[in-house]
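**Q** Quick one: the structure is below, and I'll ask about it shortly.
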Amino acid sequence: MSITYLEAIREAQAKALADDPRVFIYGQDVGAFGGAFKATKNLALEFPDRVIDAPISEDAIIGSAIGSALEGMRPIIEMQFADFSTPGFNQIVNHAATLFWRTQLPCPITIRLPSGGTSGSGAFHSQSMEAIYAHYPGLVVMTPATVEDAYSMLLEAVAIDDPVIFCEHKYLYYHLKAEKLPTEAMPAGKARISRAGRDVTIVAYSAMVHEALAVAEELSTEGIEIEVVDLRTIKPLDTDTIMASVARTGRLLCVGESWPWGGVTAEVIARVATEGFNLLDAPPQRLNAKDTPIPFHPNLWLMHRPTARSIAMAVRNLLRL
Amino acid sequence: MDTRAIPDAISSFREQCMKAFRFMLQSRVLDEKMASLYRGGKIHGGVFLGKGQEAVSAATGMSLLKGDIFSPLIRDGAGRLAFGEPIIDAVRTYMGSALGPMRGREGNVHRGRPAEGLLPMISHLGAMISVVNGMLIGRRFKKIQNTVGAVSLGDGATSTGAFHEALNQAAVEKLPLVLVVTNNQFAYSTPNSRQFACRHLVDKAVGYGVAGHSMDGTDLKACLETISAAVAAARQGQGPQLVVATLLRLCGHGEHDDAHYIDPELRNSALGRDCLVLAESFLTEQGWADAKIIKSWRKDAVRKVEEVVAAVQHEPGPDPYKEDWSALSTRHLSEGSQSL
Ligand SMILES: Cc1ncc(C[n+]2csc(CCOP(=O)(O)OP(=O)(O)O)c2C)c(N)n1
């Protein structure tokens, strides 16, 4: 048996619904249709009252999730694409994220954002929004990179008493497979050393972890040993694991699929530079998407975001610094 | 008077009017005190009054039952009192007391007791409607019946996308939502003519497939009758109800605003009448109260406010060194306590 990243997300939701009557799923086309990506396939059959189609009203979808949480429910919201969370942005950052601080009442909502690029999806179906949500206090932001994490972190997201932005990568939906679902999991807030190495640390998250791992494999044939840190959760950021890795390698490259300005890579480098400057043997580097909207054509798309090729180049440059 | 001769309904309506009037009066007195503290520099941040809107607001608060949901807005002092908010919550929040419901983290009208169904608004207009929808959906999951959620709004808030999305959502879900829109002719300085182009805001109801009601917002009797009918309809499962009250804002947008942009002609028109004065005449005409009784009610209202203000003035503000700087309830996931 093998299970994809997408199926893991479906299974996690099935388990959450089965285990806890307070859980319900609300989003566009999630009911009988099973969701635009089929992440809720057949769930409405099993749980007809708790998998509910929503109108195209992201603001009201999130607002009502907050209200239901005030009544003790634990909603899972599917945004059809991460990009369409922007009409719900106000409720996410100004309401869900401020609720506990203002009222001391928890706001246990999980917002699933199908994120990231798949070729041909263009400017409005490809975005990665983790950095903008991480900017706001009051939100936990998860970016699972593996099938196992997609499953266990989604279950953990539902269990957390705070709003969780769950960034699931669309490219990984079908490409990533595992033998079985995990029975144990690392907790949220902890990064993972996906591959150990002594020469360079690559900090990555979500789909970029796999690009980094591919580069590590390739360059190991040349005797370059790359350590890959998978952030898993970008807020909170596991600074300790990053710092420990940089202490071992002395060199840092941080890779993110989203835009460069003020994003996750900038945050990681700021922390390493301020707290671990003396650990560094070379200036820390980063690689992001280009600062333009995400292009449609594969020729442009492949150049727009980091790839194994551009990461390998960045690593070679970093080793020469 | 021999009350046994009065049929129950009339007697209870009389009680309702008297009760509503006292909430209106209490709210007016509280507002006046907050305005004077503001002018005296005793209040940090803004002060927003409900002057001229007390009838609609009190009627909304009174039409709800304990256990219902009420999401008031900036001009709902009277409705808050009627729904059960203690005077001290308002004073503590305005004066920044650490003992208030918002503990100095939020001020002025951004207060509530959500665990008791009284929601603390976020500033973003229209945003509270869908939250109340969600509470009603949550209650439906929990099989709680006979519950109603009321949300208060201004005319300006009807132009937001949030209003549109939420009213449509409530209609799709057939929720027991009562949306009380008080059209006070202005949104800050913007008149109705620059806010919407429909003939009357209640015309929006049909577009959403919800029931519509409208009344003269200066008339307490009309407000009580209309809003309680709307609340009853929602409670009986007839779906969302849009209520539109028409009146004029009798104050600035906030106390920082002299409202010079309001045409004196409008102020002197029927729209500009003061609901509190009208309600007083109504009670007197009905023989339910007289000047002497009303004077004693006012005195009582003033005393209550003065007592609370005197006590709250001595309460501490929040201590920034002892503040729990965590925006998450899951403490180990919070980055807030570290200073980066
Ligand atoms: C979404 C949003 N935009 C702008 C504001 C700033 N603002 C606060 S109150 C107000 C006017 C509100 O008018 P209305 O809804 O008619 O209510 P009223 O103040 O007249 O009671 C504005 C523009 C806001 N709070 N929210």
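**Q** Can you give me the Cα centroid spacing of region B:35-68 and region A:80-119 in angstrom?
**A** So the separation of the two Cα centres works out to 31 Å.
**Q** Another question, if that's okay. Suppose accessible area is computed on protein heavy atoms with a 1.4 Å probe; arrange B:SER326, A:SER119 from highest to lowest.
**A** A:SER119, B:SER326
**Q** Then there's this: Taking amide H positions as placed 1.01 Å from N in the peptide plane, with prolines and chain starts having none, which residues 5 or more places from A:VAL203, or on another chain, fall under 5 Å of its amide H?
**A** Correct list: A:VAL229, A:LEU253, A:CYS254, A:VAL255.
**Q** In terms of modelled amide H atoms, which long-range or inter-chain residues lie less than 5 Å from the amide H of A:LEU113?
**A** A:PHE166, A:CYS167, A:GLU168
**Q** Scanning chain A for GluC sites (Glu not before Pro) in DSSP loops with at most 11 other Cβ atoms within 10 Å, what's the longest stretch left with none?
**A** A:1-178
**Q** For the interface of chains A and B, what total accessible area is buried with a 1.4 Å probe, rounded to the nearest 100 Å²?
**A** 3500
**Q** Could you report the accessible area of B:GLU225 in Å², rounded to 10, computed with a 1.4 Å probe on the protein chains as they sit in the structure?
**A** Solvent-accessible area, nearest 10 Å²: 90 Å².
**Q** A further question follows. Using a Gaussian network model of chain B whose springs link C-alpha atoms within less than 10 Å, name the residue from B:SER12, B:SER189, B:SER228 with the highest mean-square fluctuation.
**A** Evaluated over chain B, the most mobile residue of the options is B:SER12.
**Q** Same structure again: Can you give me the relative contact order of chain A as a percent, contacts being Cα pairs under 8 Å and 6 or more apart?
**A** Computed value for chain A: 16 percent relative contact order.
**Q** Using only Cα atoms, figure out Rg for region A:192-320 and give it as a multiple of 2.2 N^0.38 Å.
**A** Ratio of Cα Rg to 2.2 N^0.38 Å: 0.98.
**Q** Further question on the same structure: Set Lys and Arg Cβ to +1 and Asp and Glu Cβ to -1, take the dipole of the protein assembly as shown about its Cα centre, and tell me which of A:SER68, B:VAL151, B:GLY40 lies farthest positive.
**A** Of the candidates, B:GLY40 comes out farthest on the positive side.
**Q** Please work out the average accessible area per residue across region B:169-224, using the 1.4 Å probe convention, and give it in Å².
**A** 42
**Q** So what is the relative contact order of region A:3-178, in percent, for Cα pairs below 8 Å that sit 6 or more residues apart?
**A** 27
**Q** Right, another one. If you count the DSSP beta bridges with both ends in the protein assembly as shown, what percent of them are antiparallel, to the nearest 5?
**A** Here the antiparallel bridges make up roughly 15 percent for the protein assembly as shown.
**Q** Next up: Straight distance only, please: which lysines reach the Cα of B:LYS204 with their own Cα at less than 29 Å, same-chain residues fewer than 8 apart left out?
**A** Once the sequence-local lysines are set aside, what remains near B:LYS204 is B:LYS51, B:LYS174, B:LYS221.
**Q** According to the square roots a ≥ b ≥ c of the eigenvalues of the Cα gyration tensor, what is the shape class of chain B, taking rounded for a/c under 1.5, prolate for a/b larger than b/c otherwise, and oblate for the remainder?
**A** It is rounded, given that a/c, with a ≥ b ≥ c, falls under 1.5.
**Q** Under 10 Å, Cα contacts only: if you run a Gaussian network model on chain B, which one of B:LEU65, B:LEU276, B:LEU177 comes out with the highest mean-square fluctuation?
**A** Residue with maximal mean-square fluctuation among B:LEU65, B:LEU276, B:LEU177: B:LEU65.
**Q** Another question, then. Would you tell me the mean number of C-beta atoms belonging to other protein chains that fall within 10 Å of each C-beta in B:164-175, as a whole number?
**A** Mean partner-chain Cβ count within 10 Å for B:164-175: 4.
**Q** Going through region A:196-273, which trypsin sites (Lys or Arg not before Pro) have at most 13 other Cβ atoms within 10 Å and a DSSP loop state?
**A** A:ARG198
**Q** Peptide B:321-334: average number of partner chain Cβ atoms within 10 Å per residue?
**A** Average per residue, whole number: 6.
**Q** Let me ask something else about it. Compute, for chain A, the length of the dipole vector about the Cα centre, with Cβ point charges of +1 (Lys, Arg) and -1 (Asp, Glu) only. Units Debye, rounded to 20.
**A** 520
**Q** Whole-Hz Karplus ³J(HN,Hα) for region A:106-118, in order, using 6.51 cos²θ - 1.76 cosθ + 1.60 and θ = phi - 60°, x for Gly and Pro?
**A** x, 10, x, 10, 10, 10, 8, 10, x, 10, x, x, 10
**Q** Per residue of A:45-52, count partner chain C-beta atoms within 10 Å of its C-beta, then hand back the mean as an integer.
**A** 1
**Q** If you wrap region A:1-66's Cα atoms in a convex hull and average its projection over all directions, what's the area in nm²?
**A** That works out to 4.8 nm².
**Q** Taking the full set of protein chains and a 1.4 angstrom probe, give the accessible area of B:HIS124 in square angstrom, rounded to the nearest 10.
**A** 80
**Q** Another one. Would you compute, from DSSP H runs of 4+ residues alone, the mean residue ellipticity of chain B at 222 nm, taking -39500 (n - 2.57) per run and dividing by the full residue count, rounded to the nearest 500?
**A** Rounded to the nearest 500, it is -13500 deg cm²/dmol.
**Q** Residue by residue, what Karplus-based ³J(HN,Hα) values in Hz, rounded to whole numbers, does region A:85-96 have, using 6.51, -1.76 and 1.60 with θ = phi - 60° and x for Gly and Pro?
**A** 6, 4, x, x, 3, 4, 5, 5, 7, 9, 10, 4
**Q** For region B:30-113, what class follows from the C-alpha gyration tensor (a ≥ b ≥ c being the square roots of its eigenvalues): rounded when a/c is under 1.5, otherwise prolate if a/b is larger than b/c, else oblate?
**A** Oblate is the answer for region B:30-113, as a/c is 1.5 or above yet b/c matches or exceeds a/b.
**Q** Working from the alpha-carbon coordinates of the protein assembly as shown, get Rg over Rh, Rh being the Kirkwood radius.
**A** 1.05
**Q** Considering only region B:117-205, what is the antiparallel percent among its DSSP beta bridges, to the nearest 5?
**A** 25
**Q** If packing is taken as the mean number of other Cβ atoms within 10 Å per residue, what is the order of B:308-318, B:161-171, highest first?
**A** Taking the mean over residues of other Cβ atoms within 10 Å, the ranking is B:161-171, B:308-318.
**Q** Report the residue, chosen from A:PRO260, A:PRO106, A:PRO55, that carries the largest GNM mean-square fluctuation when chain A is represented by alpha-carbon nodes joined by springs under 10 Å.
**A** A:PRO55
**Q** Another question, if that's okay. With the other protein chains left in place, how much accessible area per residue, in square angstrom, belongs to chain A at a 1.4 angstrom probe?
**A** On a per-residue basis, chain A sits at 37 Å².
**Q** Taking each pair of different alpha-carbon atoms in region A:59-171 once, compute 1/r for the pair, average those values, and report the inverse of that mean as the Kirkwood hydrodynamic radius in Å to one decimal.
**A** Averaging 1/r across every pair of different Cα atoms and inverting gives 14.0 Å.
**Q** Run lengths n ≥ 4 of DSSP H only: what is the helix-derived mean residue ellipticity at 222 nm for chain A, with -39500 (n - 2.57) per run over all residues, to the nearest 500?
**A** Calculated from helices alone, the mean residue ellipticity at 222 nm is -11000 deg cm²/dmol.
**Q** OK, next. Could you pull the Rg and Dmax for region B:198-314, using just the Cα atoms, both in Å?
**A** 18.6, 52
The values are calculated or read from the model by the stated rules, or taken from the named source; none is laboratory data. Everything quoted here is computed from the prediction, not taken from an experiment. Positions of Cβ are backbone-derived with ideal geometry, glycine not excepted, and every protein chain shown enters the neighbour counts. Please note that ligands, DNA and RNA were not included when accessible areas were found on the heavy atoms of the full protein model with its side chains. Shrake-Rupley method; radii C 1.70, N 1.55, O 1.52, S 1.80 Å.
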